[in-house]
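The values are calculated or read from the model by the stated rules, or taken from the named source; none is laboratory data. Bear in mind that the values here come from a model prediction, so they are computed numbers and not experimental data. Cβ: placed from backbone, ideal geometry, glycine included. Neighbour counts: every protein chain shown. Note: areas computed on protein heavy atoms with side chains; ligands, DNA, RNA excluded. Shrake-Rupley method; radii C 1.70, N 1.55, O 1.52, S 1.80 Å.
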Amino acid sequence: MRTIWKFPVPFPGGDIAMPKGAKILTLQMQQGVPTLWAEVVPDGLNEIHHLVIYGTGHPIHSGSGSYIGTFQDPPFVWHVYDASGDL
């Protein structure tokens, strides 16, 4: 059975464990914490997602992976990528 779980995003980037095959739905601030929500099948099998965060105007390195989303933490705007497939 699929369900939606939330995951705090490590800042300024890092690893999070999510159930294998998780589908990331959105990334937003929740009570001052960057958080993503994902549709998951909670079967006990996890995979590590390596998140990389860039500020607006900062160079994006090759191997940054797939864009997940953007969140605002005034006065800054941050952009999150999942580099798991590029490790």
Discussion item. Just to be sure I understand, how many residues within the stretch 56-76 are closer than 19 Å to Gly32 by Cα and under 15 Å from the mean Cα position of the chain (by Cα)?
Written reply: 5
Item to complete: Might you let me know whether the stretch 43-56 holds any residue that is within 20 Å of Met1 (Cβ to Cβ) and in contact with a Ser or Thr (Cβ under 7 Å, 6 or more places away or on another chain)?
Response: no
Worksheet entry | Flag for Glu39 being of a type in the set (Asp, Glu), surrounded by 13 or more Cβ atoms within 10 Å (Cβ to Cβ) and assigned to a strand (DSSP E or B) | yes
Practice prompt. Could you check, for the stretch 45-58, whether at least one of its residues is surrounded by 12 or more Cβ atoms within 10 Å (Cβ to Cβ), modelled with pLDDT under 95 and part of a loop (DSSP other than H, G, I, E, B)?
Written response: no
Worksheet entry | Unmet criterion (only one of (1) part of a loop (DSSP other than H, G, I, E, B); (2) touching a residue at least 24 places away in the same chain (Cβ under 8 Å)) for His61 | (2)
Worksheet item: Counting only residues that are on the phi < 0 side of the Ramachandran plot and either surrounded by 15 or more Cβ atoms within 10 Å (Cβ to Cβ) or not in a strand (DSSP E or B) (or both), how many does the stretch 5-24 have?
Response: 11
Worksheet item: Restricting attention to the stretch 72-84, which residues are loosely packed, with under 11 Cβ neighbours inside 10 Å and either part of a strand (DSSP E or B) or in contact with a Ser or Thr (Cβ under 7 Å, 6 or more places away or on another chain) (or both)?
Response: Phe76
Item to complete: Please give the number of the condition Gly69 fails out of (1) in a loop (DSSP other than H, G, I, E, B); (2) open to solvent by less than 40 Å² (accessible area, probe 1.4 Å).
Response: (1)
